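Single-structure report; data block below.
The values are calculated or read from the model by the stated rules, or taken from the named source; none is laboratory data. Treat the numbers as computed from the prediction; the structure is a model and nothing was measured. Please note: Cβ atoms are built from the backbone with ideal geometry, for glycine as well, and neighbour counts cover all protein chains shown. Side chains are part of the model used for accessible areas, which takes the heavy atoms of the whole protein and leaves out ligands, DNA and RNA. Shrake-Rupley method; radii C 1.70, N 1.55, O 1.52, S 1.80 Å.
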Amino acid sequence: MSVLVIAEHDNAALRGPTLNTVTAAKAIGGEVAVLVAGSGCRAVAEAAARVAGVGKVLLADAPPYANGLAEPLALLIAARAPAFSHVLAPATTFGKNVLPRAAALLDLAQVSDISAVVSPDTFVRPIYAGNALATVRSNDPIKLITVRTSAFDPAPAEGGAGAIEEVPAAADPALATFSGQNLSKSERPELTSARIVISGGRGMQSGDNFKLLEPIADRLGAAIGASRAAVDAGFVPNDYQVGQTGKIVAPDLYIAVGISGAIQHLAGMKDSKVIVAINKDEEAPIFQVADYGLVMDLFEALPRLKEELEKAR
Amino acid sequence: MKILVPVKRVVDFNVKVRVKADHTGVETANVKMSMNPFDEIAVEEAVRLKEQGAASEIVAVSIGVAQCQETIRTALAMGADRGILIETRVETQPLAVAKLLKALVERESPGLVILGKQAIDDDCNQTGQMLAALLGWAQGTFISKAKIGDGKAEVVREVDGGLESLVLKMPAVLTADLRLNEPRYASLPNIMKAKKKPIETLTPEALGVDVTPRIATLKVEEPPKRKAGGKVAGVAELVDKLKNEAKVI
């Protein structure tokens, strides 16, 4: 058995979800190799080679791979996949975009968003927004899989000594061109890897009021998230969204502020270790999953929380 | 330009699903079924493109049991021109669906296929990407904006870190994210009119596509239930518990 992990990176550094995917690869067993496809991305390959448990890094360094476009990258994955029993990518917008395209090129089914490895051909994956867990077996000769990163711990970034092997680029179909990006800039940790997440919902009433979460997030080293209702209301951009159609998080502590607890939001955070809910509506469904519930108007609770956290330093 | 819009019949998003007692799946008997919400957004986008003059005809396609006709009728009431039902009782998985759609694309020659980014039942998020691969077309997935121009589509994609812009060669496959538009409600006159629009019925066999599932579902279970904890009396107690009981801050 041998597993190929498709690295997610920005040509300078390996992105966090790659490390969780390596852990899933180790759970399957066998040799773990990482494919780093990018442009001017040797530093990423070197970082991938240092990840504990990685035996080999395949480096494809060519301009078509600069921006992670699915069309050229899927051709490269399809060319490399036959040497492996499994190909894994994180179930991020990057992995979800490219891996099904590679699967279809190879006439293989894909198992999406696995949360556990039962055996090399059997996996658990959430369906219906996490309201049911399906145990599925893939009958295909190569298993193509995306990995729910919140369900696997990140592999240690240091400790490995993998060999780097350069591989040739595949054909460039030149179907799409990258024309720019508008990424949210934040000094705070990333939502999907933060140890603590504080999220606001419709109860925040405006985008301005999200500022009330900031000092608390800064004090706790937390990432800031939001419910779909808050995103739909235009309070914050979509990349804040936690839920079935946004990001799936499982931090040590999740603080839901002014969030009622719709099924589709719970799908994105119910695997958090400790959940705190702050809501003035005692009947809000979020309290049914919260370890600690505080029935209080958030505009009263947040300033006090800031104060108490200062005191608790 | 013709637009093909595949629509899936799924358990309505408001229904709280129940796992069957024999653990073979979730209960779908006597449960309200609706069009997959992301597919509604895809239909709406196609209708808007037609209203803007960028498209001439919209064909709504559904794959599954005979009742998928209702889902097609919903698309027709929103503004699609005609429907195609590929009728099968087999559980169609994304690769099989992509192959069926490819066969239809070859028959219908659309300039654009717009799908929902994922279905809210199996949450796979694969079909659009697979169809684009099989056709050798460009793909614009999880889009929140689309501008269709001369031989190209400019799209904005919702990615984990924010937004990304791409220019795609046409023909192309697009998959709709939530913020692409807000789907309209079909008016009563349009629902009546939709009843007269034609729906053609085909089968996977007629299209020469093998839809045998590649992935076997061994069992379906309820996720472990979270127990509700207690209420705290105030902020001071909350901070104390987080610090000394849960030890997370």
Is it the case, given these coordinates, that residue A:140 is out of contact with any strand residue (DSSP E or B) (no Cβ under 9 Å at 6 or more places or on another chain), within 14 Å of another protein chain (Cβ to nearest Cβ) and among the acidic types (Asp, Glu)?
no
In segment A:194-213, is there at least one residue being at pLDDT below 95, crowded, with 17+ Cβ neighbours inside 10 Å and within 13 Å of chain B (Cβ to nearest Cβ)?
yes
Residue pairs qualifying under the 8 Å Cβ cut-off, at least six apart or on distinct chains, with the first in segment A:122-143 being farther than 19 Å from residue A:105 by Cβ and the second being assigned to a helix (DSSP H, G or I) and open to solvent by less than 20 Å² (accessible area, probe 1.4 Å), are A:126/A:267; A:129/A:267; A:130/A:267; A:131/A:267
Which residue, of A:119, A:138, is over 17 Å from the mean Cα position of the chain (by Cα) and surrounded by fewer than 20 Cβ atoms within 10 Å (Cβ to Cβ)?
A:119
Going through segment B:137-150 one residue at a time, which ones are more than 9 Å from chain A (Cβ to nearest Cβ) and more than 25 Å from residue A:244 (Cβ to Cβ)?
B:147, B:148, B:149, B:150
Quick one: which strands (runs of 3 or more DSSP E) lie wholly within segment A:192-261 and hold at least 3 residues that are farther than 20 Å from residue B:161 by Cα?
A:253-257
Any residue in segment B:156-177 that is in contact (Cβ under 8 Å) with a residue 40 or more places away in the chain and out of contact with any Leu (no Cβ under 8 Å at 6 or more places or on another chain)?
yes
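Yes/no per residue for (1) free of Cβ contacts under 8 Å to residues at least 60 places away in the same chain; (2) open to solvent by less than 40 Å² (accessible area, probe 1.4 Å); (3) in a helix (DSSP H, G or I); (4) more than 8 Å from every other protein chain (Cβ to nearest Cβ):
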position	(1), (2), (3), (4)
A:275	yes, yes, no, no
A:287	yes, yes, yes, no
A:290	yes, yes, no, no
A:294	yes, yes, no, no
A:300	yes, no, yes, yes
A:303	no, no, yes, yes
A:310	no, no, yes, yes
Can you spot a residue in segment B:210-228 that is more than 9 Å from chain A (Cβ to nearest Cβ) and among the aliphatic types (A, V, I, L, M)?
yes
Test: residue in segment A:243-265 that is touching a Ser or Thr at 6+ places or on another chain (Cβ under 9 Å), among the aromatic types (Phe, Trp, Tyr) and farther than 23 Å from residue B:241 by Cα:
no
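Residue-wise test of (1) open to solvent by less than 10 Å² (accessible area, probe 1.4 Å); (2) under 15 Å from the mean Cα position of the chain (by Cα); (3) more than 7 Å from chain A (Cβ to nearest Cβ); (4) basic (Lys, Arg).
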site: B:117; (1), (2), (3), (4): no, yes, yes, yes
site: B:121; (1), (2), (3), (4): no, yes, no, no
site: B:126; (1), (2), (3), (4): yes, yes, no, no
site: B:135; (1), (2), (3), (4): no, no, yes, no
site: B:152; (1), (2), (3), (4): no, no, yes, yes
site: B:160; (1), (2), (3), (4): no, no, no, no
site: B:169; (1), (2), (3), (4): no, no, no, yes
site: B:178; (1), (2), (3), (4): no, yes, no, no
site: B:183; (1), (2), (3), (4): no, yes, yes, no
